[in-house]
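A.B. asks: There's a structure below that I have some questions on.
Throughout, read-outs are computed from the coordinates displayed, never taken from laboratory work. Keep in mind that what you see is a predicted model, and the values were worked out from it rather than measured. Cβ placement follows ideal geometry from the backbone for every residue including glycine, while neighbour counts extend to all protein chains displayed.
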Amino acid sequence: MIRVEFGFRVDNLCDYTFNFCWHNRQLDPGALIPHQNGTEYTYRDMVDALKGGTEVHIKGDVGKRLAQGMGADIRHLGGTGGIGTASRIFVDGDVGAEAGLGMVAGAVYVSGRVEEPLGNIIEVRSDVTGYRKFVSVTDLLCNHQPEVPVSNSLDPEALRLVLNDGILRGTLCARCDCPVEVLVEGDAHNGTGLLMRQGAVTVTGDAGMNTGAHLNGGTVVVRGVAGEFAGAYMKGGVLLVGGGMGYAGADMKGGAILSRRKIATSPPAEKTRITGADMSLIRKLVGAGRFESMRYSKYEVGESEKYVAVPMRDGSLVMRRVD
């Protein structure tokens, strides 16, 4: 067991992604965590402990993004890109915003407050006196965890979860690879459906930045407006939005974006012809009438992706087809 006490709040503790900065400087995962009282743990020490099944107990308030990516076997760090192992974190104090972003395994116990927005976590009935318990939405649904949500509705047999507690959450269903159905009655924070492979998430309100980013299957529906960079790096699946801010589809590889209002896109995403099958799907997903479904626009990787720009001697560019 790791026990550590902090004199000041520290961000990105127990971050499996090691994707954090301190005063705009990228940190080494092997660096000592600041503000410890009597211990000398590094960021990597905490993550390695959790991966090995060891609990981490923290005394004092912690900062933002606690347990980011917890349980994920990160590909760019040599992992499979799937779900790995995680133990339990106990915090005797308060927790900052965005706790559990991209979290897919393990549990977080908190004696104090947890600031909004949350990450991909949901409060469930605690099994430890004096602590609130939070688990990953992905883990709860896909691994049939015998948990009872607090202030939300779960049908474990149908893999259906209704989030109506009014709490803003980001990265909902991150890395989900099972046929879940999640309904958010209200707005969602950033990254809904991040790296999702199966399932469906419906947001009745608006959603934040990076909605559907790295989507690789499944369906993300936002009845309102999605923030900037929606559908970035998509590989598959469907992202349906009422409208979008900024540019969508940056570095898109596959899948489709459907929007009730026209949206701006980044290459290689471009507007393509909407089909009868697309309109049938729209009617199914949002209950639109036949005429309304015809007003939607479709965006996917276009023909321009099959060409490369070749510079000529006079400074002009010629688009040459890639065979």
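A.B. asks: Determine how many Å³ per residue the convex hull of the Cα atoms of the chain encloses.
C.D. replies: Working: hull volume 50.3 nm³, N = 323.
Taking the convex hull of the Cα positions in the chain, it is 156 Å³ per residue.
A.B. asks: If you place +1 on the Cβ of every Lys and Arg and -1 on the Cβ of every Asp and Glu, how big does the dipole about the Cα centre of the chain come out, in debye to the nearest 20?
C.D. replies: Numbers: 35 positive and 37 negative charges, 244 e Å.
Dipole about the Cα centre, nearest 20: 1180 debye.
A.B. asks: At what distance in angstrom do the alpha carbon centres of the stretch 186-210 and the stretch 118-178 lie from each other?
C.D. replies: 15
A.B. asks: Using DSSP to define loop residues, name the GluC sites (Glu not before Pro) in the stretch 87-183 whose beta-carbon has at most 14 other beta-carbon atoms within 10 Å.
C.D. replies: Those satisfying the criteria are 115, 157.
A.B. asks: In addition: Which lysines have a Cα lying under 30 Å from the Cα of residue 284, excluding residues fewer than 8 positions away in the same chain?
C.D. replies: Correct list for residue 284: 235, 253, 262, 271, 298.
A.B. asks: Any chance you could give the angle, 0 to 90 degrees and rounded to 10, that helix 276-286 forms with the longest Cα principal axis of the chain?
C.D. replies: Helix 276-286 and the main axis of the chain meet at about 40 degrees.
A.B. asks: Once you place label points 7 Å from the Cα toward the Cβ at residue 54 and residue 115, how far apart are they in nm?
C.D. replies: 2.9
A.B. asks: How would you rank 128, 182, 222, going from fewest to most other Cβ atoms within 10 Å of each one's own Cβ?
C.D. replies: 128, 182, 222
A.B. asks: How big is the Rg/Rh ratio for the stretch 1-154, C-alpha atoms only, Rh by Kirkwood, two decimals? Each step should come with its number before you reach the end.
C.D. replies: Values: Rg = 14.5 Å, Rh = 15.4 Å.
Ratio of gyration radius to Kirkwood radius for the stretch 1-154: 0.94.
A.B. asks: Provide the gained length on full extension for the span residue 128 to residue 271, in nm with one decimal, where the gain is 0.36 nm per separating residue minus the Cα-Cα distance.
C.D. replies: Working: separation 143, 0.36 × 143 = 51.48 nm, distance 5.25 nm.
Using 0.36 nm per residue and subtracting the Cα-Cα distance, I get 46.2 nm.
A.B. asks: In addition: For the modelled label position 7 Å from the Cα of residue 26 along Cα-to-Cβ, which residues of the stretch 47-79 have backbone nitrogen atoms closer than 13 Å?
C.D. replies: Within reach of a label on residue 26, which here means backbone N under 13 Å from a point 7 Å along Cα→Cβ, the stretch 47-79 contributes 77.
A.B. asks: Could you name the lysines whose alpha carbon sits less than 24 Å from that of residue 59, not counting residues in the same chain fewer than 8 places away?
C.D. replies: Correct list for residue 59: 51, 133.
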